[in-house]
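Encoded as structure tokens, the structure appears first; notes follow it.
Nothing in this text is a laboratory measurement; each read-out follows from the coordinates by a stated rule. Quantities reported herein were computed from a predicted structural model and do not represent experimental measurements. Here the Cβ positions follow ideal geometry from the backbone for every residue, glycine too, while neighbour counts run over all protein chains shown.
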């Protein structure tokens, strides 16, 4: 178990074949490219760099980038292992919980009754302590001289947290679809074709996200830790790119009868404010 953990990256640098190294390098390149593209898009599209949506997108994107770079440095002994483990955890927090906050911020903008979304925020906070904190302790413990005492529990809890965060994101995405369909009912009443198109798009994107999550879980349950940890930033960067495409939904937003922007129009404003 200890030898296998060393080879696959749980307790230090990896010792793998050339094809696996090439796969890892490919995942690293894709994740970094996606992150740079997202960052450029964020900085160019937002006139004002504030708000929960903007900063959660920034944190999630930078978290993915940090995680990708640090994991590569650690796997190939390009820095002190324990320090890189700590930075890996920091990037992981931003990448995973940052993604959930991005989803929450979208839901938060659509639902005007904040009491309905408060429990979603509670879920994110609670899962941070239930899933992030124990995994961090076990991971850091596995990279000390007492690794034998931690590695077994880490391998089990790593699978639990991976499934837990996937379920969390699926719940939030499902709520987003539900609330979007409810918020657009007045428009859908006279534009049935648009309703089918929007809901088909939402459902298709979320099915793709679920399939990506399943593929990530499969790599972990097949004991390919080094592949899973380098593939994960690719999955999360793709999720963020698809999240950016949700702005297509709100192009149907129209001003309210009182002349005030609708809740969907407000969502459009934060993603399409022109540069000055």
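As a length-normalised measure over Cα pairs under 8 Å and 6 or more apart, the relative contact order of region 69-130 settles at 23 percent. In plain terms, the residue of 179, 169, 112 with the fewest other Cβ atoms within 10 Å comes first and the most crowded comes last, giving 112, 179, 169. In this simple spin-label model, placing a label point 7 Å from the Cα along the Cα-to-Cβ direction at both residue 130 and residue 203 gives a separation of 2.9 nm. Estimated from the Cβ-Cβ distance and a Förster radius of 35 angstrom, the FRET efficiency linking residue 47 and residue 76 is about 0.30.
Highest average first, the peptides 206-218, 52-64 ordered by how many other beta carbon atoms sit within 10 Å of their residues are 52-64, 206-218. Peptides 81-92, 118-129 ordered by packing proxy, namely the average of other Cβ atoms within 10 Å per residue, highest first: 81-92, 118-129.
Using the average count of surrounding beta-carbon atoms within 10 Å as a protection proxy, the listed peptides 29-41, 230-242 rank, highest first, as 230-242, 29-41.
Please tell me the relative contact order of region 46-103 in percent, rounded to the nearest whole number, where contacts are Cα pairs under 8 Å and at least six residues apart.
Dividing the mean separation by the residue count of region 46-103 yields 49 percent.
Evaluate E = 1/(1 + (r/R0)^6) for residue 182 and residue 55, where r is the Cβ-Cβ distance and R0 equals 25 Å; express this FRET efficiency to the nearest 0.05.
0.40
How would region 62-182 be classified by its alpha-carbon gyration tensor: rounded, prolate or oblate, with rounded meaning a/c under 1.5 and the a/b versus b/c comparison settling the rest? Prolate, because a/c is 1.5 or more and a/b exceeds b/c. With a simple spin-label model that places each label point 7 Å from the Cα along the Cα-to-Cβ direction, the separation between residue 33 and residue 122 comes to 4.4 nm.
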